[in-house]
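Reading through the structure tokens given below for one structure.
Read the figures in this text as sums done on the coordinates, not as results from a lab. Just so we're clear, the structure is a prediction, and the values are computed from it rather than from any experiment. Cβ placement follows ideal geometry from the backbone for every residue including glycine, while neighbour counts extend to all protein chains displayed.
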């Protein structure tokens, strides 16, 4: 039986492929938002992403965040309500 890939796994795969980060941490904080807007039963709606990637060199903070949001557009459209981003070189 094939295990369904979690949203965290999907995001990790996409960010790794897209940016080749030296550091990547993704934390599912959904349970901290139970009862708040955007929370869905089963979680996988609120994440914190810390990423350090040399591929972001020369980009402004806003451009880095836009690049990450663009990379994760499908996940945002599907289920993810909030991403707290700490993205740098």
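What to note about this one:
- Note on segment 7-88: Rg/Rh from C-alpha atoms, Kirkwood Rh, equals 0.97.
- Per-pair calculated FRET efficiency, R0 = 25 Å: residue 27 and residue 59 via Cβ, rounded to 0.05: 0.60
- Rounded to the nearest 500, the 222 nm mean residue ellipticity of the chain from helices alone is -10000 deg cm²/dmol, with -39,500 (n - 2.57) taken per DSSP H run of at least 4 residues.
- Rounded tilt (10° steps) of 61-71 against the dominant C-alpha axis of the chain: 50 degrees
- 48, 64, 54 arranged by Cβ crowding within 10 Å, fewest neighbours leading: 54, 48, 64
- Where labels lie 7 Å past Cα in the beta-carbon direction, separation of residue 52 and residue 40 in nm: 3.4 nm
- Cα-based helix-to-principal-axis angle, 7-19 vs the chain, degrees rounded to 10: 10 degrees
- Contour excess over end-to-end distance, with Cα ends at residue 16 and residue 4 and 0.36 nm allotted per residue: 2.4 nm
- Considering only beta bridges that DSSP places wholly inside the chain, some 45 percent are antiparallel.
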